[in-house]
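Worksheet for the structure shown next.
The values are calculated or read from the model by the stated rules, or taken from the named source; none is laboratory data. Keep in mind that what you see is a predicted model, and the values were worked out from it rather than measured. FYI the Cβ positions are ideal-geometry reconstructions off the backbone, even for glycines, and counts take in every protein chain you see.
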Amino acid sequence: MLEPAAIDTVGLSKTYGGKVHALVGLDLRVERGEVFGYLGPNGAGKSTTIRLLLGLIHPTAGRASVFGLDTRTNGVRARGHLGYLPGDLRLSDRLTGREQLESLASLRGSVDRALRDELCARLGVVLERPIRQLSRGNRQKIGLVQAFMHRPELVVLDEPTAGLDPLLQNEVRALLRETAAEGRTIFLSSHSLDEVQHVADRVGIIRAGRLVDVDAVESLRERALRHVTITFAEPADPSQFAGLDGVRVVSTDGAVLRLSAPEPAMDGVVKAAARYRIVDLVSQPADLEEIFLELYREGDDGG
Ligand SMILES: Nc1ncnc2c1ncn2[C@@H]1O[C@H](COP(=O)(O)OP(=O)(O)OP(=O)(O)O)[C@@H](O)[C@H]1O
Ligand SMILES: [Mg+2]
């Protein structure tokens, strides 16, 4: 029998108050052991999707399941497999970090205390001070520990690195990779491709409630344009490059030619360049953020 996916949604939709179409017909399957990055601008519907996956809100249409358990009709059992970091994390201001984690652990029942202590040490969680005295980043760390401390099979994180300094962001990325290496699954939302491209296997891009693109990070990288600067011994004919598929000549400045090209066009670029004497050739690494921003912008006019 086919094992149920970690996450499976069919036509999942949410309309608030009969008129805000926050999520429209989401069909998405996330396999076990995958790290899936869910990207989109403010108000795109990321948190709505995540709340639907958690069974915290009900779909207007369609359905979602987690390990084969419908999040609406089997929400409690489904949540038993989940760790969750909400985007609008709420903690008890009067408790200390330690008390907060104890209280959440007792709700969970089964918490791996050694793991919890290890996570606290790793993220540098402030345990002995009341939460109301903690900075945003230090609260976020408590939220992260509670999402991981029961070793869930699926961890759903709504903007996990929001408010964390770069060192901590790296630590969280390492934690995500280790979790996936154990065969567990991660679904994380973010505004920035840069933030997830080094941890995610695949990314989905959502805009105005609709999933506009799902792709492996590797193939996004292939689609991403390289910025190529070629310095020739004497001026070269730019039309030799402009005629290549996908290539755009950005500027010619004497013997310096700047162009942008997707990875599959690079061979043609180099061969065209080789007809001349070359002084220097620089190809800048794929800039994923750029295609990401392009997808953000796409349809801005069309609605
Ligand atoms: N409880 C609610 N009632 C009415 N509208 C809502 C509610 N929650 C969200 N919305 C609307 O649904 C849309 C999607 O919101 P959502 O919070 O899912 O976006 P998001 O992608 O998480 O955004 P952000 O990046 O800002 O966190 C927005 O237009 C938002 O205003
Ligand atoms: Mg959100």
Any residue that is within 15 Å of ligand 1 (Cβ to nearest atom), in the same structural domain as Glu182 (by TED's automatic domain parsing), in contact with a His (Cβ under 8 Å, 6 or more places away or on another chain) and more than 30 Å from Glu290 (Cα to Cα) - is there at least one of those in the stretch 15-26?
yes
Selection over the stretch 220-253 where residues are in a helix (DSSP H, G or I) and farther than 30 Å from Val24 by Cα yields a count of 4
Residues that are within 16 Å of ligand 1 (Cβ to nearest atom) and free of Cβ contacts under 8 Å to residues at least 60 places away in the same chain, drawn from the stretch 53-70:
Gly55, Leu56, Ile57, His58, Pro59, Thr60, Ala61, Gly62, Ala64
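Conditions (1) in contact (Cβ under 8 Å) with a residue 60 or more places away in the chain; (2) in a strand (DSSP E or B), marked per residue:
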position: Leu23; (1), (2): yes, yes
position: Ser47; (1), (2): yes, no
position: Arg51; (1), (2): no, no
position: Tyr84; (1), (2): yes, yes
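Taking the stated definitions as given, is Arg207 under 30 Å from Gly45 (Cα atoms), within 16 Å of ligand 2 (Cβ to nearest atom) and among the basic types (Lys, Arg)?
The answer is yes for Arg207.
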Per the filter on the stretch 86-111, residues touching a residue at least 12 places away in the same chain (Cβ under 8 Å), surrounded by 14 or more Cβ atoms within 10 Å (Cβ to Cβ) and more than 28 Å from the chain's Cα centre (by Cα) are Leu95, Thr96, Arg98
Pairs, please: C-beta under 8 Å, at least 6 apart or cross-chain, first residue more than 13 Å from Asp201 (Cα to Cα) and without any contact (Cβ under 8 Å) to a residue 40 or more places away in the chain and in the stretch 175-186, second in a helix (DSSP H, G or I) and of a type in the set (Lys, Arg)?
none
Among the candidates Glu34, Glu3, which residue alone is touching a Phe, Trp or Tyr at 6+ places or on another chain (Cβ under 9 Å), charged (D, E, K, R) and over 22 Å from Pro86 (Cβ atoms)?
Glu3
Filter the stretch 38-63 for residues that are surrounded by fewer than 23 Cβ atoms within 10 Å (Cβ to Cβ) and of a type in the set (Gly, Ala, Ser); which is nearest to ligand 2 (Cβ to nearest atom)?
Ser47
How about the stretch 71-118: which of its residues are away from ligand 2 (no atom under 16 Å from the Cβ) and touching a Leu at 6+ places or on another chain (Cβ under 7 Å)?
Thr71, Arg77, Ala78, Arg79, His81, Leu82, Thr96, Gly97, Arg98, Gln100, Ser103, Arg116
